[in-house]
Number of protein chains: 2
Amino acid sequence: MGKNLSKRNQDYSKWYNELVVKADLAENSAVRGCMVIKPYGFAIWEKIQAELDRMLKETGHENAYFPLFVPKSLFEAEEKNAEGFAKECAIVTHYRLKNDKKNKGKLIVDPSSRLEEELIVRPTSEAIIWNTYKKWIQSYRDLPIKINQWANVVRWEMRTRFFLRTSEFLWQEGHTAHESKEEAIEEVKSINNLYANFLENFMAVPVIQGLKSESERFSGAVDTYCVETMMQDGKALQAGTSHFLGQNFAKAFDVKFTTKQGSLDYVWATSWGVSTRLIGVLIMTHGDDNGLVLPPNLAPIQVVIVPVYKSSNELNSINKVANKILDNLRNEGISVKYDDREHFKPGYKFNEYELKGIPVRLTIGPKDLEKNVVEISRRDNLSKKILENDNELVLNIQKILADMQTSLFRKAKEFRDNSITEVDDYNTFKTIINIKGGFVSAHWDGSSESEEKIKNETKATIRCIPLGNSFKKGNCIISGKPSLQRVLFAKSY
Amino acid sequence: MGKNLSKRNQDYSKWYNELVVKADLAENSAVRGCMVIKPYGFAIWEKIQAELDRMLKETGHENAYFPLFVPKSLFEAEEKNAEGFAKECAIVTHYRLKNDKKNKGKLIVDPSSRLEEELIVRPTSEAIIWNTYKKWIQSYRDLPIKINQWANVVRWEMRTRFFLRTSEFLWQEGHTAHESKEEAIEEVKSINNLYANFLENFMAVPVIQGLKSESERFSGAVDTYCVETMMQDGKALQAGTSHFLGQNFAKAFDVKFTTKQGSLDYVWATSWGVSTRLIGVLIMTHGDDNGLVLPPNLAPIQVVIVPVYKSSNELNSINKVANKILDNLRNEGISVKYDDREHFKPGYKFNEYELKGIPVRLTIGPKDLEKNVVEISRRDNLSKKILENDNELVLNIQKILADMQTSLFRKAKEFRDNSITEVDDYNTFKTIINIKGGFVSAHWDGSSESEEKIKNETKATIRCIPLGNSFKKGNCIISGKPSLQRVLFAKSY
């Protein structure tokens, strides 16, 4: 289906980059490592935002907004967090430009505008937020605080890739404060469940929920929970994380509260986020050689109607029928577009909507009018079907959309399940990682040394220690030492 | 009503700052000139965003996202624009921190991470966007482009004030590209109307639509349209602007297109925006000595129910009635909160909701239960009334909310209309500006010299040349030269 898209099995990475550009999702910008998110890509982000925002508010979270800049002295307060981000942050040092006397029309940084203290463009907002929470929290009555922020953040990445890794990205970051360890852990777990629920039921992306090993944890966290996904090329992708921060930030920023018992204690913290990376997950989970495939729940356009005609008389007759269907679908809350552009042939339009992953396409031609039918085409399996244009049409389309949502999930889950291989020796491990890819479920002794050795030799890392693991003992594939449970290894994005 | 809020007529500026903090809208942050927008303030911004976003989409605009950073070489391409913002921009010069060897646990900027080209944190996005549009536009078929972006921007302000002037602020910025001058002007005017409509009908804030004089124009614009508002202290506030950019940016970034006739022409541009400043407009238009007053349309909580009780038995009986009312109101789409917190007395709650400007408060006590009534209190005029708790209750509350919306507008419009004084000589002009304040409608010869002289001597500037002016000739109040129409002067924020 000549969309000039590379095939996934020939060059997955090339396929991905081409798809992003050709489906009009994003493009590179003049700023190193930063992309422009185009209207169609942004509309998908808006669908993600709207649903997640609803879910977060329903669970008692409120939105707020904290400054883009973090003064260096605050940034370095939580040492592990600072260490983790120090090597990749954009630093504002001056606040004024002036005319370049040697070069008319050009500007140079005015050296006299040097800041007394440098400002870090936030790579994450724990520091600025905990410095603020200090003012908000005196007593247990001020707790919990459950705040979320939709924001841009900057991490100076050396190797970038559309959506998956860009120097600037958009995300939501939750920052909560609690009076007890238990309550904070409860919050982290419930957010991990919320992310899993969102990914599986809204994005149709199956996840494995788990805990990160120490070396993969968020800098400054005591524990990092994650939702891990498997892409079609056998590489894992971390879709979201939630961190139990213990009292690390409360100690760094001296945030204490009076407990119910009247004593003074440090506040317990969590933070968690998902980002525009989710659009990468979406593309690589459902996309095929014809382009993007969108689960109906987050398709900005769920149904497109394309008229097929020769004369303007024919078009006029089709318009009447199409507009009726359009209204009926809209009344049921289905987002639909009628593409009656005259400059473009139907075949061109079909290609375009396949590339863009529109779930359902209706085609109406003069013969369909005679028979009072429409041709319906599903993006996920490219199947076509003739439907009566009767009172049941909208209901039938709703059924197809619902079926597509579940069947996309089923297909992705089948793929993901098949991608997990249990392995008990290191040779097989290496073979599987290099040839089949996917998750390898293997015993690990819990040491950073073993983890590091495996990483250096195979590029596979521990993606997570799955929650709800069955605790069957075994021996570490690399050290032979006893292990309590299997963990999941994979190469990853 | 002891809220410890300064009185407006004693110290307006102090009243404003205290209100912002005490109503939990925002607070200062650790970053010079940047504020933290607290959940309640941000909820108001979300209401503003939701409605404006809907209006912009309905008029064919799409959202997208462009990078936070502008490389210096792009920033300086449109010289007037660059000149206008050069003195107030945050500049990123480095991308890495390293350990300070002299000071354990501290970080310093790594000198080896100096960027080859400095990045400007966007003060506005014309440069980065027009550099992108260059790739998108070849032919008239690619036009118009009507894109909006919700984003944070940074302008390094020396004197800041909550919402009105902060170094970082949130806004929407529209950037459109057109094939003809007429179409671009049409867009600018229609956005100016959209802003006026939004402010008047949604925010209950009366505006004067007009054109800016040359000295008050956006840097790089051919014409700037504005919506001007009048605050209670007699100072004007510019609530939103839309700019006709002519071909200035197309020329600076070399963006040409093939016209329908086959020739090559530069693209015509507009840009326009409103920001978190609108929250300042809202506070200063409707607020009173008891705190914030929110028009029901943008109140995050429209109705609050407060139980008044002595025993837990009484509370239980009230709960039943209150929850029924709560459900009935929610079913009609009214956002309502039931405040049954036990730690706080009713009087404390009344104060809090007055400070926060909740439009309607329902009070229910044991005697109300007996009589099957509720006490309703309106925030705008602080009037109280007894309403039957019958089938009409929700309808009656809806009527009160609707009445409050229109009467807030009426009151603000009356104030604004009374604030306009026609003046024909410079002495009276000075007296009015200094004593009464408000808008002074006076003749002006159209020269920058006269404008500058008036500004230096009185601090009043031309807020706008009103659209729909009657063209009655006169003589400039300062030069005596002939003038075609009156313009509006005022001191302003």
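Some observations on this one:
- Pairs exceeding a 28 Å alpha-carbon distance, out of A:Lys47/A:Lys235; A:Lys320/B:Lys256; B:Lys337/B:Lys367; A:Lys337/B:Lys135; B:Lys38/B:Lys80: A:Lys320/B:Lys256; B:Lys38/B:Lys80.
- Between A:Tyr348 and B:Trp136, the C-beta separation translates, for a Förster distance of 30 Å, into a calculated FRET efficiency of about 0.95.
- Of every Cα-Cα pair in the protein assembly as shown, the percent that sits beyond 59 Å: 13 percent
- Spread over its residues, the convex hull of the C-alpha atoms of the range A:420-490 is 72 Å³ per residue.
- Viscosity 0.890 mPa s, 25 °C: Kirkwood-radius Stokes-Einstein D of the range A:280-357 over Cα pairs, µm²/s: 177 µm²/s
- Here the calculated FRET efficiency for A:Lys436 and B:Asn17, from their Cβ-Cβ distance with R0 = 56 Å, stands at 0.30, rounded to the nearest 0.05.
- Folded to 0 to 90 degrees: helix B:39-58 orientation relative to chain B principal axis, Cα: 60 degrees
- Two-site FRET efficiency, B:Leu382 against B:Arg410, from Cβ-Cβ distance with R₀ of 22 Å, rounded to 0.05: 0.85
- In a DSSP loop and with at most 11 other Cβ atoms within 10 Å, the trypsin sites (Lys or Arg not before Pro) in the range B:98-199 are B:Lys101, B:Lys102, B:Lys104, B:Arg159.
- Rg/Rh for chain A stands at 1.03; both radii use Cα atoms, and Rh follows the Kirkwood definition.
- Proximal aspartates and glutamates relative to B:Lys356, as straight alpha-carbon distance under 13 Å, when same-chain residues fewer than 8 apart are discounted: B:Glu18, B:Asp24, B:Asp288, B:Asp289, B:Asp380
- For the range B:421-493, trypsin sites (Lys or Arg not before Pro) meeting the loop criterion (DSSP other than H, G, I, E, B) and having at most 16 other Cβ atoms within 10 Å: B:Lys459, B:Lys472, B:Lys473.
- Spacing of the modelled spin labels on B:Asp424 and A:Glu214, each 7 Å from Cα toward Cβ, amounts to 8.8 nm.
- Qualifying lysines (Cα of each under 16 Å from Cα of A:Lys345; at least 8 residues distant if same chain): A:Lys3, A:Lys310
- Reduced Cα scattering model of the range A:301-400, Debye log10 I(q)/I(0), q = 0.14, 0.22 Å⁻¹: -0.46, -1.24
- The spacing between the range A:320-388 and the range B:291-312, judged by their C-alpha centroids, is 48 Å.
- The order of A:Tyr353, B:Tyr225, going from fewest to most other C-beta atoms within 10 Å of their C-beta, is A:Tyr353, B:Tyr225.
- Reachable lysines, given that their alpha-carbon falls under 20 Å from the alpha-carbon of B:Lys189 and they are not under 8 places away in the same chain: B:Lys57, B:Lys146, B:Lys181, B:Lys212
- Proximity of backbone amide H atoms, modeled 1.01 Å from N, is registered between A:Gln302 and A:Ser335, A:Val336 at under 5 Å, excluding neighbours fewer than 5 places apart on the same chain.
- Label-point separation in nm, B:Glu83 to B:Glu27, each point 7 Å along Cα→Cβ: 4.4 nm
- Paramagnetic label zone (point 7 Å from Cα along Cα-to-C-beta, A:Asn193; backbone N under 18 Å) in the range A:467-493: A:467-469
- Between the range A:455-493 and the range A:68-144, the C-alpha centres lie 39 angstrom from each other.
- Two numbers describe the Cα atoms of the range A:160-219: Rg and Dmax, which are 14.2, 40 Å.
- B:Thr461, A:Thr124, A:Thr59 arranged by Cβ crowding within 10 Å, fewest neighbours leading: A:Thr59, B:Thr461, A:Thr124
- Neighbour counting of Cβ atoms within 10 Å sorts the residues B:Met55, B:Met284, A:Met230, A:Met158, fewest neighbours leading, into A:Met158, B:Met55, B:Met284, A:Met230.
- Test item: Cα-centred dipole of the range A:271-399, Lys/Arg +1 and Asp/Glu -1 on Cβ, debye: 160 debye
- For the range A:374-463, the Kirkwood radius over C-alpha pairs fed into Stokes-Einstein at 10 °C and 1.306 mPa s yields D = 95 µm² per second.
Just so you know, all these numbers are worked out from the coordinates, no wet-lab data involved. Predicted, not measured: the structure shown is a model, and the values here were computed from it. Glycine also receives a Cβ, built like all others from the backbone with ideal geometry; neighbour counts cover every protein chain displayed.
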